[in-house]
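J.: Pasting in a structure now, in C-alpha coordinates, and then I'll have a few things to ask.
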Amino acid sequence: MSDRRAARTISPVLLGVEDAEWLPVTAGESGAAVFRSADATRYAKCVPAADAADLEAERDRSTWLSDQGVPGPRVLDWRSGDAGSCLVTSAVSGVPADQVPAEDLRVAWERIADAVRGLHATPVNQCPFRRGLDAMVALARDVVARDAVNPEFLPVDQRQTSGAELLERLTRQVERRREQEAVDLVVCHGDLCLPNIILDPRTLDVSGFIDLGRLGPADRHADLALLLANARETWTDEEQARDADLAFAERYGIALDHDRLRFYLHLDPLTWG
Ligand SMILES: Nc1ncnc2c1ncn2[C@@H]1O[C@H](COP(=O)(O)OP(=O)(O)O)[C@@H](O)[C@H]1O
Ligand SMILES: [Mg+2]
(Lines give C-alpha, C1' and ligand atoms only; values in the text may rest on other atoms or scores of the structure.)
(Ligands and ions follow the chains in the order given, each with its own letter.)
Protein backbone atom coordinates (compact mmCIF):
# COMPACT_ATOMS: atom_id res chain seq x y z
CA MET A 1 0.00 0.00 0.00
CA SER A 2 1.39 3.43 -0.86
CA ASP A 3 1.96 5.96 1.90
CA ARG A 4 -0.78 8.08 0.45
CA ARG A 5 -3.36 5.32 0.70
CA ALA A 6 -2.04 4.31 4.11
CA ALA A 7 -2.59 7.88 5.32
CA ARG A 8 -6.25 7.67 4.36
CA THR A 9 -6.80 4.82 6.82
CA ILE A 10 -5.34 6.80 9.73
CA SER A 11 -7.59 8.90 11.92
CA PRO A 12 -7.10 11.10 15.01
CA VAL A 13 -9.10 8.67 17.13
CA LEU A 14 -6.99 5.72 15.98
CA LEU A 15 -3.90 7.67 17.04
CA GLY A 16 -5.25 8.35 20.52
CA VAL A 17 -6.61 11.88 20.21
CA GLU A 18 -9.71 12.34 22.38
CA ASP A 19 -12.82 10.81 20.87
CA ALA A 20 -14.41 13.85 19.21
CA GLU A 21 -16.25 13.66 15.92
CA TRP A 22 -13.69 14.23 13.15
CA LEU A 23 -14.78 14.94 9.58
CA PRO A 24 -12.36 14.30 6.71
CA VAL A 25 -11.21 17.37 4.77
CA THR A 26 -10.58 16.43 1.17
CA ALA A 27 -8.57 19.51 0.12
CA GLY A 28 -4.82 19.51 0.71
CA GLU A 29 -1.79 19.02 -1.46
CA SER A 30 0.16 16.43 0.49
CA GLY A 31 -0.59 12.78 1.19
CA ALA A 32 -1.56 13.59 4.78
CA ALA A 33 -5.08 12.83 6.00
CA VAL A 34 -6.61 16.06 7.33
CA PHE A 35 -9.72 16.19 9.54
CA ARG A 36 -11.82 18.99 11.04
CA SER A 37 -13.57 18.63 14.39
CA ALA A 38 -17.37 18.70 14.12
CA ASP A 39 -17.47 22.03 16.00
CA ALA A 40 -14.95 23.44 13.44
CA THR A 41 -12.54 24.68 16.12
CA ARG A 42 -9.71 22.23 15.44
CA TYR A 43 -7.90 20.47 12.61
CA ALA A 44 -6.05 17.17 12.86
CA LYS A 45 -3.37 16.19 10.33
CA CYS A 46 -2.39 12.51 10.35
CA VAL A 47 0.47 10.73 8.58
CA PRO A 48 1.87 7.20 8.55
CA ALA A 49 4.94 6.54 10.73
CA ALA A 50 7.26 6.93 7.72
CA ASP A 51 6.23 10.61 7.40
CA ALA A 52 6.37 11.44 11.11
CA ALA A 53 9.47 13.62 10.75
CA ASP A 54 7.71 15.94 8.26
CA LEU A 55 4.75 16.39 10.57
CA GLU A 56 7.04 16.95 13.54
CA ALA A 57 8.75 19.68 11.49
CA GLU A 58 5.35 21.25 10.90
CA ARG A 59 4.51 21.04 14.62
CA ASP A 60 7.73 22.80 15.66
CA ARG A 61 7.41 25.49 13.00
CA SER A 62 3.78 26.20 13.91
CA THR A 63 4.76 26.63 17.56
CA TRP A 64 7.66 28.90 16.67
CA LEU A 65 5.68 31.09 14.28
CA SER A 66 2.80 31.64 16.71
CA ASP A 67 5.40 32.67 19.32
CA GLN A 68 6.58 35.31 16.82
CA GLY A 69 3.09 36.82 16.70
CA VAL A 70 2.41 35.85 13.07
CA PRO A 71 -1.22 34.70 12.71
CA GLY A 72 -1.56 30.95 12.19
CA PRO A 73 -2.62 27.76 13.94
CA ARG A 74 -1.75 27.05 17.58
CA VAL A 75 -0.54 23.54 18.39
CA LEU A 76 -3.08 21.84 20.68
CA ASP A 77 -2.05 18.18 20.69
CA TRP A 78 0.56 15.81 19.27
CA ARG A 79 0.45 12.00 19.15
CA SER A 80 3.07 9.74 17.69
CA GLY A 81 3.58 5.99 17.68
CA ASP A 82 3.96 2.93 15.50
CA ALA A 83 0.60 3.55 13.79
CA GLY A 84 1.56 7.08 12.70
CA SER A 85 1.49 10.66 13.96
CA CYS A 86 -1.22 13.24 14.45
CA LEU A 87 -0.94 17.00 14.87
CA VAL A 88 -3.98 18.82 16.27
CA THR A 89 -4.08 22.59 15.72
CA SER A 90 -6.56 25.37 16.33
CA ALA A 91 -8.64 26.29 13.28
CA VAL A 92 -7.64 29.54 11.58
CA SER A 93 -11.14 30.73 10.85
CA GLY A 94 -12.17 31.64 7.35
CA VAL A 95 -11.77 30.29 3.84
CA PRO A 96 -8.61 29.34 1.93
CA ALA A 97 -7.75 32.15 -0.49
CA ASP A 98 -8.01 29.87 -3.55
CA GLN A 99 -11.74 29.49 -2.80
CA VAL A 100 -12.72 33.15 -3.31
CA PRO A 101 -13.61 34.70 -6.68
CA ALA A 102 -11.15 37.01 -8.48
CA GLU A 103 -12.90 40.20 -7.34
CA ASP A 104 -12.60 39.18 -3.68
CA LEU A 105 -9.00 38.06 -4.09
CA ARG A 106 -8.25 41.46 -5.62
CA VAL A 107 -9.72 43.20 -2.53
CA ALA A 108 -7.68 40.93 -0.24
CA TRP A 109 -4.55 41.17 -2.39
CA GLU A 110 -2.84 44.19 -0.76
CA ARG A 111 -3.67 42.73 2.66
CA ILE A 112 -2.05 39.46 1.60
CA ALA A 113 1.01 41.50 0.52
CA ASP A 114 1.08 43.13 3.98
CA ALA A 115 0.74 39.76 5.74
CA VAL A 116 3.52 38.20 3.64
CA ARG A 117 5.76 41.21 4.28
CA GLY A 118 5.05 40.79 8.02
CA LEU A 119 5.96 37.10 7.86
CA HIS A 120 9.15 37.90 5.95
CA ALA A 121 10.05 40.55 8.54
CA THR A 122 10.18 37.96 11.35
CA PRO A 123 13.72 38.03 12.84
CA VAL A 124 15.55 35.56 10.59
CA ASN A 125 18.56 35.14 12.88
CA GLN A 126 16.27 33.76 15.58
CA CYS A 127 14.73 31.19 13.26
CA PRO A 128 16.07 27.73 14.18
CA PHE A 129 14.92 25.94 11.01
CA ARG A 130 16.50 25.20 7.64
CA ARG A 131 14.77 25.23 4.28
CA GLY A 132 17.07 27.33 2.12
CA LEU A 133 18.20 26.73 -1.43
CA ASP A 134 20.75 24.01 -0.62
CA ALA A 135 18.15 22.05 1.37
CA MET A 136 15.62 22.35 -1.46
CA VAL A 137 18.15 21.30 -4.12
CA ALA A 138 19.12 18.28 -1.97
CA LEU A 139 15.42 17.39 -1.71
CA ALA A 140 15.01 17.76 -5.48
CA ARG A 141 18.04 15.51 -6.11
CA ASP A 142 16.47 12.84 -3.92
CA VAL A 143 13.05 13.11 -5.60
CA VAL A 144 14.61 12.99 -9.08
CA ALA A 145 16.91 10.07 -8.14
CA ARG A 146 13.86 8.11 -6.97
CA ASP A 147 12.09 9.02 -10.23
CA ALA A 148 9.28 10.34 -8.03
CA VAL A 149 8.54 13.70 -9.73
CA ASN A 150 4.79 14.12 -10.07
CA PRO A 151 4.21 15.36 -13.67
CA GLU A 152 0.95 17.01 -12.59
CA PHE A 153 2.97 19.52 -10.56
CA LEU A 154 5.10 20.50 -13.59
CA PRO A 155 4.27 23.28 -16.06
CA VAL A 156 2.68 21.69 -19.15
CA ASP A 157 5.70 22.48 -21.34
CA GLN A 158 8.03 20.55 -18.97
CA ARG A 159 6.04 17.33 -18.71
CA GLN A 160 7.88 15.62 -21.57
CA THR A 161 11.30 16.44 -20.11
CA SER A 162 13.02 14.12 -17.63
CA GLY A 163 13.38 15.20 -14.00
CA ALA A 164 17.15 14.81 -14.33
CA GLU A 165 17.23 17.26 -17.26
CA LEU A 166 14.98 19.78 -15.47
CA LEU A 167 17.19 19.60 -12.40
CA GLU A 168 20.35 19.94 -14.49
CA ARG A 169 19.03 23.18 -16.03
CA LEU A 170 18.39 24.59 -12.57
CA THR A 171 21.71 23.40 -11.16
CA ARG A 172 23.51 25.70 -13.59
CA GLN A 173 21.98 28.66 -11.76
CA VAL A 174 22.48 27.44 -8.20
CA GLU A 175 25.71 29.28 -7.45
CA ARG A 176 24.22 32.64 -8.49
CA ARG A 177 20.98 31.95 -6.62
CA ARG A 178 22.94 30.98 -3.51
CA GLU A 179 24.80 34.32 -3.59
CA GLN A 180 21.50 36.19 -3.94
CA GLU A 181 19.97 34.21 -1.09
CA ALA A 182 22.92 34.89 1.22
CA VAL A 183 22.50 38.67 1.07
CA ASP A 184 18.72 38.70 1.52
CA LEU A 185 17.60 35.81 3.69
CA VAL A 186 14.09 36.05 5.19
CA VAL A 187 11.76 33.71 7.05
CA CYS A 188 9.77 32.13 4.23
CA HIS A 189 6.55 30.15 4.52
CA GLY A 190 7.97 27.52 2.19
CA ASP A 191 4.70 26.53 0.50
CA LEU A 192 3.04 29.89 -0.01
CA CYS A 193 0.13 28.94 -2.25
CA LEU A 194 -3.39 30.34 -1.86
CA PRO A 195 -4.86 27.24 -0.11
CA ASN A 196 -2.40 27.91 2.72
CA ILE A 197 -3.59 31.51 3.26
CA ILE A 198 -6.87 31.78 5.15
CA LEU A 199 -9.13 34.83 4.58
CA ASP A 200 -12.03 36.16 6.63
CA PRO A 201 -14.80 35.83 4.00
CA ARG A 202 -16.70 38.83 5.39
CA THR A 203 -13.92 41.43 5.68
CA LEU A 204 -11.44 39.75 3.28
CA ASP A 205 -8.68 40.34 5.84
CA VAL A 206 -5.97 37.69 6.24
CA SER A 207 -6.82 35.42 9.20
CA GLY A 208 -3.53 33.54 9.06
CA PHE A 209 -1.10 31.18 7.35
CA ILE A 210 -1.38 27.39 7.66
CA ASP A 211 0.60 24.31 6.51
CA LEU A 212 3.93 25.49 7.91
CA GLY A 213 6.02 22.33 7.45
CA ARG A 214 8.57 24.04 5.18
CA LEU A 215 8.94 27.35 7.00
CA GLY A 216 12.50 28.61 7.25
CA PRO A 217 15.10 31.10 6.02
CA ALA A 218 15.21 31.41 2.23
CA ASP A 219 15.16 33.91 -0.64
CA ARG A 220 11.85 35.79 -0.49
CA HIS A 221 11.44 35.06 -4.21
CA ALA A 222 10.86 31.40 -3.29
CA ASP A 223 7.60 32.39 -1.57
CA LEU A 224 6.61 35.08 -4.05
CA ALA A 225 7.12 32.75 -7.03
CA LEU A 226 4.56 30.26 -5.74
CA LEU A 227 2.08 32.88 -4.60
CA LEU A 228 2.04 34.90 -7.83
CA ALA A 229 1.89 31.80 -10.04
CA ASN A 230 -0.86 30.24 -7.97
CA ALA A 231 -2.93 33.45 -7.95
CA ARG A 232 -2.70 33.45 -11.76
CA GLU A 233 -5.15 30.54 -11.63
CA THR A 234 -7.73 32.85 -10.05
CA TRP A 235 -7.18 35.99 -12.16
CA THR A 236 -9.49 35.97 -15.14
CA ASP A 237 -7.10 37.29 -17.81
CA GLU A 238 -3.50 38.33 -18.48
CA GLU A 239 -4.19 42.03 -17.94
CA GLN A 240 -5.69 41.41 -14.50
CA ALA A 241 -2.75 39.13 -13.64
CA ARG A 242 -0.19 41.75 -14.71
CA ASP A 243 -1.99 44.44 -12.74
CA ALA A 244 -2.13 42.19 -9.67
CA ASP A 245 1.61 41.37 -9.86
CA LEU A 246 2.44 45.09 -10.08
CA ALA A 247 0.08 45.95 -7.22
CA PHE A 248 1.61 43.21 -5.08
CA ALA A 249 5.18 44.32 -5.80
CA GLU A 250 4.37 47.93 -4.99
CA ARG A 251 2.57 47.13 -1.75
CA TYR A 252 5.18 44.62 -0.60
CA GLY A 253 7.95 47.00 -1.64
CA ILE A 254 10.05 45.03 -4.09
CA ALA A 255 11.28 45.20 -7.67
CA LEU A 256 10.45 41.63 -8.73
CA ASP A 257 13.31 39.68 -10.31
CA HIS A 258 11.45 37.59 -12.87
CA ASP A 259 14.37 35.24 -13.62
CA ARG A 260 14.68 34.46 -9.95
CA LEU A 261 10.91 33.91 -9.66
CA ARG A 262 11.05 31.48 -12.58
CA PHE A 263 13.96 29.59 -11.01
CA TYR A 264 12.10 29.03 -7.74
CA LEU A 265 8.85 28.24 -9.54
CA HIS A 266 10.59 25.50 -11.52
CA LEU A 267 12.50 24.12 -8.53
CA ASP A 268 9.41 23.65 -6.36
CA PRO A 269 7.71 20.80 -8.28
CA LEU A 270 10.95 18.77 -8.13
CA THR A 271 10.90 18.87 -4.31
CA TRP A 272 7.62 17.00 -3.77
CA GLY A 273 7.46 13.26 -4.17
N1 LIG B 1 -5.45 24.99 11.29
C2 LIG B 1 -6.23 25.12 10.20
N3 LIG B 1 -7.10 26.14 10.08
C4 LIG B 1 -7.88 26.28 8.99
N5 LIG B 1 -7.90 25.42 7.96
C6 LIG B 1 -7.08 24.35 8.00
C7 LIG B 1 -6.19 24.15 9.12
N8 LIG B 1 -5.50 23.02 8.86
C9 LIG B 1 -5.93 22.54 7.70
N10 LIG B 1 -6.89 23.33 7.16
C11 LIG B 1 -7.64 23.08 5.91
O12 LIG B 1 -7.28 21.81 5.41
C13 LIG B 1 -6.59 21.92 4.15
C14 LIG B 1 -5.45 20.92 4.11
O15 LIG B 1 -4.58 21.14 5.21
P16 LIG B 1 -3.01 21.38 4.97
O17 LIG B 1 -2.35 21.47 6.31
O18 LIG B 1 -2.83 22.52 4.05
O19 LIG B 1 -2.60 19.99 4.30
P20 LIG B 1 -1.65 19.68 3.07
O21 LIG B 1 -0.27 19.62 3.64
O22 LIG B 1 -2.15 18.34 2.60
O23 LIG B 1 -1.81 20.75 2.03
C24 LIG B 1 -6.14 23.38 4.07
O25 LIG B 1 -6.00 23.85 2.75
C26 LIG B 1 -7.29 24.08 4.81
O27 LIG B 1 -8.41 24.21 3.97
MG1 LIG C 1 -1.88 22.87 2.23
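J.: Go through the residues of the range 214-234 one by one and say whether even a single one is more than 30 Å from Arg59 (Cα to Cα), surrounded by 15 or more Cβ atoms within 10 Å (Cβ to Cβ) and of a type outside the set (Ser, Thr, Tyr).
T.: No, the range 214-234 has no match at all.
J.: Here's a follow-up. Please pick out the residue among Arg131, Arg141, Arg111, Arg117 that is of a type in the set (Lys, Arg) and more than 18 Å from Asn196 (Cβ to Cβ). Give the steps one after another, and end with the answer.
T.: Working: Arg131 fails: more than 18 Å from Asn196 (Cβ to Cβ); Arg111 fails: more than 18 Å from Asn196 (Cβ to Cβ); Arg117 fails: more than 18 Å from Asn196 (Cβ to Cβ).
Going through Arg131, Arg141, Arg111, Arg117 in turn, just one is of a type in the set (Lys, Arg) and more than 18 Å from Asn196 (Cβ to Cβ): Arg141.
J.: A further question on this structure: Collect the residues in the range 11-34 that are more than 14 Å from ligand 2 (Cβ to nearest atom) and touching a Phe, Trp or Tyr at 6+ places or on another chain (Cβ under 8 Å), keeping them in residue-number order.
T.: First pass over the range 11-34, keeping only residues more than 14 Å from ligand 2 (Cβ to nearest atom): 11-24.
Across the range 11-34, the qualifying residues are Ser11, Pro12, Val13, Trp22, Leu23, Pro24.
J.: Do we find that Val107 is more than 16 Å from the chain's Cα centre (by Cα) and assigned by TED's automatic domain parsing to the domain that holds Tyr252 in this structure? Even if it seems obvious, please write down each step before you answer.
T.: Working: more than 16 Å from the chain's Cα centre (by Cα): yes; assigned by TED's automatic domain parsing to the domain that holds Tyr252: yes.
Judged against the criteria, Val107 is a match.
J.: Residues to consider are Leu270, Leu228; find the one that is out of contact with any strand residue (DSSP E or B) (no Cβ under 8 Å at 6 or more places or on another chain) and either without any contact (Cβ under 8 Å) to a residue 60 or more places away in the chain or among the hydroxyl-bearing types (Ser, Thr, Tyr) (or both). Even if it seems obvious, please write down each step before you answer.
T.: On the way: Leu270 fails: either without any contact (Cβ under 8 Å) to a residue 60 or more places away in the chain or among the hydroxyl-bearing types (Ser, Thr, Tyr) (or both).
Within the list Leu270, Leu228, the selection yields Leu228.
J.: Okay, moving on. Please pick out the residue among Arg202, Arg242 that is surrounded by fewer than 16 Cβ atoms within 10 Å (Cβ to Cβ), part of a loop (DSSP other than H, G, I, E, B) and away from ligand 2 (no atom under 16 Å from the Cβ). Outline the logic, then answer.
T.: Numbers: Arg242 fails: part of a loop (DSSP other than H, G, I, E, B).
That would be Arg202, the only listed residue that is surrounded by fewer than 16 Cβ atoms within 10 Å (Cβ to Cβ), part of a loop (DSSP other than H, G, I, E, B) and away from ligand 2 (no atom under 16 Å from the Cβ).
J.: Name the residue, out of Asp184, Asp205, that is more than 14 Å from the chain's Cα centre (by Cα) and under 24 Å from Ala255 (Cα atoms).
T.: Numbers: Asp205 fails: under 24 Å from Ala255 (Cα atoms).
After ruling out the rest, the residue left standing is Asp184.
J.: Now for a separate question. Is it true that some residue in the range 137-149 is in contact (Cβ under 8 Å) with a residue 24 or more places away in the chain and surrounded by fewer than 13 Cβ atoms within 10 Å (Cβ to Cβ)? Please lay out each step first, then the result.
T.: Let us first name the residues in the range 137-149 that are in contact (Cβ under 8 Å) with a residue 24 or more places away in the chain, namely 137, 139-141, 143-144, 146, 148-149.
From the residues that got through so far, the ones that are surrounded by fewer than 13 Cβ atoms within 10 Å (Cβ to Cβ) too are 146, 148.
The answer is yes; a qualifying residue exists.
J.: Then there's this: What number of residues within the range 25-61 satisfy the criterion of being touching a strand residue (DSSP E or B) at 6+ places or on another chain (Cβ under 8 Å), surrounded by fewer than 13 Cβ atoms within 10 Å (Cβ to Cβ) and in contact (Cβ under 8 Å) with a residue 24 or more places away in the chain?
T.: Adding up the residues that qualify gives 2.
J.: Determine which single condition Ala97 fails, assuming it passes every other condition in (1) touching a residue at least 60 places away in the same chain (Cβ under 8 Å); (2) more than 13 Å from ligand 1 (Cβ to nearest atom); (3) farther than 15 Å from Gly213 by Cβ.
T.: Looking at each condition in turn, Ala97 falls short on (2).
J.: So Ala182 ticks every box in (1) surrounded by 18 or more Cβ atoms within 10 Å (Cβ to Cβ); (2) under 21 Å from Leu133 (Cα atoms); (3) among the small types (Gly, Ala, Ser) but one. Which box is left unticked?
T.: (1)
J.: Check the range 111-118 and report whether any residue there is in contact (Cβ under 8 Å) with a residue 60 or more places away in the chain, among the small types (Gly, Ala, Ser) and in the same structural domain as Ala49 (by TED's automatic domain parsing). Step through it out loud before you land on a result.
T.: Taking the range 111-118 as the starting set, the residues that turn out to be in contact (Cβ under 8 Å) with a residue 60 or more places away in the chain are 111-117.
Okay, now just the ones that are also among the small types (Gly, Ala, Ser), so 113, 115.
Subset that is in the same structural domain as Ala49 (by TED's automatic domain parsing): none.
No, every residue in the range 111-118 fails to be in contact (Cβ under 8 Å) with a residue 60 or more places away in the chain, among the small types (Gly, Ala, Ser) and in the same structural domain as Ala49 (by TED's automatic domain parsing).
The values are calculated or read from the model by the stated rules, or taken from the named source; none is laboratory data. It should be emphasised that the depicted structure is a prediction, and the values quoted were computed from it without experimental measurement. Please note: Cβ atoms are built from the backbone with ideal geometry, for glycine as well, and neighbour counts cover all protein chains shown.
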